[in-house]
1. How many angstrom lie between the Cα centre of region B:22-49 and the Cα centre of region B:94-129?
2. Mind checking the mean number of beta-carbon atoms from other chains within 10 Å of the Cβ atoms in B:121-134?
3. Within the set of other residues whose C-beta is less than 13 Å from the C-beta of A:I53, count the net charge using Lys and Arg as +1 and Asp and Glu as -1.
4. With a 1.4 Å probe and every protein chain kept in, tell me what percent of the accessible surface of region A:10-155 is carbon plus sulfur.
5. Order B:V82, B:V116, most accessible first, counting only protein heavy atoms with a 1.4 angstrom probe.
6. Rg and Dmax in Å for chain A, alpha carbons only: what are they?
7. Work out, in µm²/s and without decimals, the Stokes-Einstein translational diffusion coefficient of region B:13-87 at 10 °C, 1.306 mPa s, Rh from Kirkwood over C-alpha pairs.
8. Return the residues of region B:46-94 for which accessible area with all protein chains present is lower than in the chain on its own by 20 Å² or more; set the probe to 1.4 Å and exclude ligands, DNA and RNA.
There are 2 protein chains.
Amino acid sequence: MVKRTSFEGDACPIARSLDALGDWWSLLIIREALFGLRRFGEFQNKLGMAKNILATRLRALVDHGILATAPASDGSAYQEYVLTPKGRGTFPILVALRQWSEEFDDRPEEIATILVDREKGRPVKKLEMRAEDGRLLTPAETMVKPRPASRKKSA
Amino acid sequence: MVKRTSFEGDACPIARSLDALGDWWSLLIIREALFGLRRFGEFQNKLGMAKNILATRLRALVDHGILATAPASDGSAYQEYVLTPKGRGTFPILVALRQWSEEFDDRPEEIATILVDREKGRPVKKLEMRAEDGRLLTPAETMVKPRPASRKKSA
DNA sequence: GCAACTTAGTTTCATAATGCAACTATTGGA
DNA sequence: TCCAATAGTTGCATTATGAAACTAAGTTGC
């Protein structure tokens, strides 16, 4: 092989998501976008990354439908990068990553921020996995099954 | 710069988790480990990755305290790689990645598996974010705050 | 209207990471 | 003891990453 392996055609949903999000910078760009950043320069400043890498990543994220370009909201002729619904849908992934650090990091005192409920200012609860009927599930209480063939979609 | 940037000293908990998990293969190795794989050859076969990369990743995961080596359970002199509690703690991250694909993938019909509640065989519910008091939270209803200084830990 | 500055990139070049294939060293089995 | 399987390591080619320099629009002051 020669190029970095792509998981695009993989049947595993985790591999497929990593194909879009699994590099060092993409999730951090999305994190900043969720925080309200929109402009090339804002991302570059905040993340301190090389501009060529940023340009490449932004293009890839747009290609994946995670970001979309839009005319700048300040009336200038520049463009902005805004999250699509698919992009905003990564929020639980970021929360899961954050909570994993909070729980298992070797030097938790170096973690600068916590995620709180805006109304009360209290920490958000740990994400929990629940069954359809609401039962709390541990990993051992779950399993992976072949996806049932989906019904014909329309015509 | 010269090396790929590390997020090890970063104060953001998301960056810190990506420092350990943010490459193309690590989360897939962990996925297989959660599934029960333990041996070098099992990972190599299942993931189809180059052996040198696998060796590098396994070492890194052990260094990060996500995997630990143990004598082989079949009595042979080989060793196994088993998940630590920190490693098993990544489960919600994998679930979040999976659910994101299920919800937003452009070709969902290519996804081969679904995660189900073992008891009922029914799909697991989407992860939800809740406040301490149980209120369901949207991203907009959360915010990031500076971490309060923690109390002295013992002596 | 134009010089100076800002913004958003692209280009160039060096270095590191990735991937395949071939090789090695134990271990296990007959 | 000999052979195969396991678990790697090494060598080499290609790609990705990163810093810095460069470029080309867009904007601003005058």
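The values are calculated or read from the model by the stated rules, or taken from the named source; none is laboratory data. Note that the coordinates shown come from a computational prediction; the quantities given were computed from them, not determined experimentally. Positions of Cβ are backbone-derived with ideal geometry, glycine not excepted, and every protein chain shown enters the neighbour counts. These accessible areas exclude ligands, DNA and RNA; they are computed on the full protein's heavy atoms, side chains included. Shrake-Rupley method; radii C 1.70, N 1.55, O 1.52, S 1.80 Å.
1. Centre-to-centre (Cα) distance: 20 Å.
2. On the way: counts 2, 4, 6, 8, 9, 3, 9, 6, 10, 6, 9, 7, 5, 1.
Across B:121-134, the average partner-chain Cβ count within 10 Å equals 6.
3. On the way: positive: A:K51, A:R57, A:R59, B:R4; negative: A:D23.
With Lys, Arg at +1 and Asp, Glu at -1, the neighbours total +3.
4. Details: 4050 of 7540 Å².
Carbon with sulfur: 54 percent of the solvent-accessible area.
5. Working: B:V82 35, B:V116 0 Å².
Largest accessible area first, the list is B:V82, B:V116.
6. 18.8, 58
7. Details: Rh = 12.5 Å.
So the translational diffusion coefficient is about 127 µm²/s.
8. B:K86, B:G89, B:F91, B:P92, B:I93, B:L94
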